[in-house]
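Working notes, beginning with the structure itself.
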Amino acid sequence: MKFCSSLFRVSADDYLTTARVADEYGWDTLLLSDHILHPETIQSKYPYTESGERPWEATIDFPDVWVASGMMAAVTQRLKLLQLVYILPLRNPFTVAKALGTAARLSNYRVGLGFGLGWMRDEFELMEQDFDNRGARADEMVEVMRKLWSGEMVEHHGRFYDFTRMCMRPAADGEIPIVVGGNTKPARRRCARLADGWAPAYPDRDVLRAGIEDIRAMRREFGRSEELSVYYGVAADPTALDAVKQLEDLGVTHCSAAPWATPEDPWPSIQKRIDGFKRFGDEVIAKFT
């Protein structure tokens, strides 16, 4: 089992401090959230609350994931950086391939891509990207980016992107892991066909187990290895080793923990977060590594 934690609601000013502590205390990955902007009032409904309201303030920090990842990679030695999730079809494949490929190469391939399709139509309209075809576009974007990362002369003739021979340098010829977020059947199929890992959104254990089995079966159909990274977020601190081992038995490979959170204080000060990171590293992570 590897351990990761989200930077959601962490001030951008505290990213580098958090990364240094996570790197020192055995954490494998920090997870970045992504939005380009937040309108004060939105028409879209957030899919994971009964009210449809987004469960955060529009004014919290969402730093650019590639700038933030590059900065954190520069002050750490082994820590990995991933997004859960990056709204891939909100962009075009060329700018994403350039930014991510550069960040991955300069960090010795410690930056990956964890992507989803997005839920806020308002944001897509502001970015002048089609919301309704975002799933099909995201699939093709992954294919385009993998071609571009080779650094060779490549061409592509698809539904959304069509170009003759060109190359993008520097090449990103090392491993850039791709993780797909989402619970739906299309998301699981996307993961099986194109990605290396799965990050479901708030499933219970039965849904999690069934999803892992479904993806592995589809990977066999696509002629791919059943090996799969699975990111499972826990709302509270899973300090009981038995709880972590149960997740491992289900097929979870990356346990996302918030060891600084309590029901009374779910978003504490940076010092409390750091203390939680250190304690969890000493009490839990060290026993697994």
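Want the number for ARG193 to TYR161: 0.36 nm per residue separation, take away the alpha-carbon distance, what's left?
9.6 nm
Go ahead and set up a Gaussian network model of the chain, Cα springs under 10 Å, then flag whichever of VAL85, VAL96, VAL111 fluctuates most.
Answer for the Gaussian network model of the chain: VAL96.
Using Cβ counts within 10 Å as a stand-in for footprinting exposure, how do ARG159, ARG9, ARG190, ARG216 rank, fewest first?
Fewest-to-most ranking of ARG159, ARG9, ARG190, ARG216: ARG159, ARG9, ARG216, ARG190.
So what are the ³J(HN,Hα) numbers for segment 128-138, from phi and the Karplus equation (6.51, -1.76, 1.60; θ = phi - 60°), rounded to whole Hz, Gly and Pro as x?
6, 10, 6, 7, 6, 9, 5, x, 5, 5, 4
Once the dipole of the chain is set up with Lys and Arg at +1 and Asp and Glu at -1 on Cβ about the Cα centre, which of SER225, GLY114, LEU30 lies farthest towards its positive end?
Toward the positive end, the furthest listed residue is SER225.
Given the Cα-Cα distance of ARG224 and GLN43 and 0.36 nm per residue of separation, how much length would full extension add, in nm?
Length gained, ARG224 through GLN43: 61.1 nm.
Using 0.36 nm times the number of residues separating ALA58 and ASP206, minus their current alpha carbon distance, what extension gain do you get?
Answer, rounded to one decimal: 50.0 nm.
With label points built 7 Å along Cα→Cβ from the Cα atoms of ASP132 and ALA243, find their separation and express it in nm.
It is 4.5 nm.
Using θ = phi - 60° and the Karplus form 6.51 cos²θ - 1.76 cosθ + 1.60, what ³J(HN,Hα) does each residue of segment 30-46 get, whole Hz, x for Gly and Pro?
9, 10, 9, 8, 9, 8, 7, 7, 10, x, 4, 10, 10, 8, 5, 9, 6
Nearest 10 degrees, 0 to 90: what angle lies between the long axis of helix 205-221 and the longest principal axis of the chain (Cα atoms)?
Relative to the chain, helix 205-221 is tipped by roughly 30 degrees.
At what distance in nm do the modelled label points of MET1 and TRP267 sit from each other, each positioned 7 Å from its Cα along Cα→Cβ?
2.8
Test of understanding: ordering ASP275, ASP130, ASP139 by Cβ neighbours within 10 Å, fewest first, what list do you get?
Fewest to most other Cβ atoms nearby, the residues stand as ASP130, ASP275, ASP139.
Any of LYS2/LYS80; LYS2/LYS98; LYS245/LYS287; LYS45/LYS272 with alpha carbons more than 23 Å apart? Name them for me.
LYS2/LYS98; LYS45/LYS272
Using only Cα atoms, find the angle between the long axis of helix 93-106 and the longest principal axis of the chain, and express it within 0 to 90 degrees, rounded to the nearest 10.
Taking the Cα atoms of the chain, the angle to 93-106 is about 50 degrees.
Considering only DSSP beta bridges with both partners in segment 136-289, what is the antiparallel share in %, to the nearest 5?
About 25 percent, rounded to the nearest 5.
Mean separation of Cα pairs under 8 Å and 6+ residues apart, divided by the residue count of the chain: what relative contact order is that in percent?
18
Can you give the log10 of the normalised intensity I(q)/I(0) at q = 0.10, 0.14 Å⁻¹, computed with Debye over equal Cα scatterers of the chain?
Per q value, in the given order, log10 I(q)/I(0) is -0.54, -1.11.
In degrees between 0 and 90, to the nearest 10, how far off the longest principal axis of the chain does helix 270-280 point, with axes built from Cα atoms?
Value to nearest ten degrees: 80.
Just for segment 2-288, what percent of DSSP beta bridges are antiparallel, to the closest 5?
10
What are the ³J(HN,Hα) values, in whole Hz, obtained from phi via the Karplus relation 6.51 cos²θ - 1.76 cosθ + 1.60 with θ = phi - 60°, for each residue of segment 251-262 in sequence order, with x given for Gly and Pro?
x, 6, 10, 10, 8, 8, 10, 10, x, 9, 8, 9
Every number here is computed from the coordinates shown, using simple stated rules; none is lab data. What you see is a predicted model; the values in this text were computed from it and never measured. Reconstructed Cβ throughout: ideal geometry from the backbone, glycine too, with neighbour counts over all protein chains shown.
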